[in-house]
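The values are calculated or read from the model by the stated rules, or taken from the named source; none is laboratory data. Just so it is clear, the structure is predicted and the values come from calculations on it, not from any experiment. Every residue, glycine among them, receives a Cβ derived from its backbone with ideal geometry; neighbour counts consider all protein chains shown. We work out accessible area using only protein heavy atoms, side chains counted, and drop any ligands, DNA or RNA first. Shrake-Rupley method; radii C 1.70, N 1.55, O 1.52, S 1.80 Å.
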Amino acid sequence: RRVHGEVRSEQYVMKELRAIFYSEFDIDTGPVLLYQEPKCFLNSQQFDAIAEYVITKNDLCGKLVAISHFGYQIMGFPVRIEDVKYPRHALLFNMGVVLEETANPAPYEPIVRKLASILTTLEMESDFLFDVKKKSQLDEILHRIYHDLKRQGEAIVPVDEGNTIRLKLFPSLSDPCPIHDYQVPVPVCDLSTIVSQTHDLTFKQILRHIDGTTYVARISNDSNVQIALVKQCLQHLVYFGAVKMIDVFQYSNIYVTTPLIRKLADDAHLQADCLQYITKTDQVAPPFHKVFAMYCGLQPNVRFSQFLNSNDLSALNIDDKRFIMFGVIHGFLRRIHKYPIRMGSSLISEQVTDLSDRISKYLDGFARHSYDEICCAVSRSHAEIDGILRQEKRCLVINK
């Protein structure tokens, strides 16, 4: 069953790509906006304000031009084709995109460049823009490109029997966060396809132990691979969206909702994925409104085990662990961690042992080391760490 689905560009472009347009120079009226999708996105006043950057002077033709105006980014690649058949012996045109002002424009630059190149080739080979009837196809072409990029991050649009426009958006990926020994990698796509495609034996050995339950240090031990190599492989998988890193699931953990819970309430596709993932195998999925109410019922001072005492997930055919994992992976649930700190400079206890001494170095007074990190470092459970820390009167545990 799918946790997150295959990571697609759609997640990146949905809110950022606002419009796509085609403009050219008319000898009577100057720069004109002939086609755009969505229709009427740019009004005449807005286009007039940016026209000199869309249909540009000769020194900017053949270059990427981007400006910010009226709360958006406008990016295009103005083209000039010279030929005696055109009025004034030149055709000036531009097919560009409109993005959110805060969007990263880098993924769209190859799209704009390629569109300019394709239209130039079509014009030189078949008068695609000079022929008014052929040019009218741009209305439908822009419609297809815009909606396909929005929906699936790529577009394949036939122009005629011999030409097809093929575009694919490659979003810029941020560097993955550091991988910690105590984290758990959860597959969000079918890792078996990666196993079949890679010839790296170490990578294959690690992939076999990624089951959504085993934490990084245990994977290193079970696969007999150095932990540095395990972390390096996991960083690659995180970077390309194949796995997500989460905390070890325990019934003693505390979980609360985040502002992203609104997305679950509004997104029907996410709701369907949620029901598919959290429902026990071969059981009837519960009504979504009951699942949503369960998520909203998680409280910052209530352990998950206590939550289950008053909320019977089993009666709704919900898998306890998957219920939490889905929320954490999608960001609408977060774990509240326990951070022990030492008040003063005392040791863990009067009777110092090797174990208490090892724990002591994590109590630095800055609440930087969680129970998960300490438990993994000293190979002890939360309950055992609790017992040791209770012996220290000057130790304070902070939940955050």
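If I ask for residues that are in a loop (DSSP other than H, G, I, E, B) and open to solvent by 50 Å² or more (accessible area, probe 1.4 Å), which ones from the range 219-251 would you list? Please lay out each step first, then the result.
Here is the first cut: in the range 219-251, the ones in a loop (DSSP other than H, G, I, E, B) are 224-226, 240-242, 247-251.
The answer is ASN224, GLN226, PHE240, GLN250, TYR251.
Residue by residue, here is whether (1) acidic (Asp, Glu); (2) at pLDDT 95 or above holds:
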| site | (1), (2) |
| --- | --- |
| HIS4 | no, no |
| MET14 | no, no |
| TYR22 | no, yes |
| VAL32 | no, yes |
| TYR35 | no, yes |
| ASP59 | yes, no |
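Selection over the range 133-192 of residues that are of a type in the set (Ser, Thr, Tyr) and within 30 Å of ALA377 (Cβ to Cβ) gives a count of 2. State whether one or more residues within the range 206-216 are surrounded by fewer than 18 Cβ atoms within 10 Å (Cβ to Cβ), out of contact with any Gly (no Cβ under 8 Å at 6 or more places or on another chain) and among the aliphatic types (A, V, I, L, M). Checking the range 206-216: not a single residue is surrounded by fewer than 18 Cβ atoms within 10 Å (Cβ to Cβ), out of contact with any Gly (no Cβ under 8 Å at 6 or more places or on another chain) and among the aliphatic types (A, V, I, L, M).
Reported count of residues in the range 163-183, each being assigned to a loop (DSSP other than H, G, I, E, B) and open to solvent by 70 Å² or more (accessible area, probe 1.4 Å), is 7.
Yes or no, residue by residue, for (1) in a helix (DSSP H, G or I); (2) out of contact with any His (no Cβ under 9 Å at 6 or more places or on another chain); (3) open to solvent by less than 30 Å² (accessible area, probe 1.4 Å):
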{"position": "VAL97", "(1), (2), (3)": "no, yes, yes"}
{"position": "ASN104", "(1), (2), (3)": "no, yes, no"}
{"position": "PRO107", "(1), (2), (3)": "yes, yes, yes"}
{"position": "PRO110", "(1), (2), (3)": "yes, yes, no"}
{"position": "LYS114", "(1), (2), (3)": "yes, yes, no"}
{"position": "ILE118", "(1), (2), (3)": "yes, yes, no"}
{"position": "GLU125", "(1), (2), (3)": "yes, yes, no"}
{"position": "PHE128", "(1), (2), (3)": "no, yes, yes"}
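Of the residues making up the range 127-147, those that are more than 17 Å from PRO87 (Cβ to Cβ) and free of Cβ contacts under 8 Å to residues at least 12 places away in the same chain number 4. I need the full set of residues from the range 48-86 which are under 18 Å from ASP131 (Cβ atoms) and open to solvent by less than 70 Å² (accessible area, probe 1.4 Å), in order please. Scanning the range 48-86 gives VAL79, ILE81, ASP83, TYR86.
Out of all the residues in the range 132-142, is one or more touching a helix residue (DSSP H, G or I) at 6+ places or on another chain (Cβ under 7 Å), within 21 Å of VAL54 (Cβ to Cβ) and not hydroxyl-bearing (Ser, Thr, Tyr)? Looking through the range 132-142, none of the residues is touching a helix residue (DSSP H, G or I) at 6+ places or on another chain (Cβ under 7 Å), within 21 Å of VAL54 (Cβ to Cβ) and not hydroxyl-bearing (Ser, Thr, Tyr). In the set (1) at pLDDT below 85; (2) part of a loop (DSSP other than H, G, I, E, B), GLN283 fails one condition alone, (1).
Please work out if LYS290 is open to solvent by 40 Å² or more (accessible area, probe 1.4 Å), among the basic types (Lys, Arg) and over 30 Å from GLN391 (Cα atoms). The answer is yes for LYS290. When we screen ILE359, ILE348, ILE324 for residues that are surrounded by 16 or more Cβ atoms within 10 Å (Cβ to Cβ) and either among the acidic types (Asp, Glu) or modelled with pLDDT of 95 or more (or both), the only hit is ILE324.
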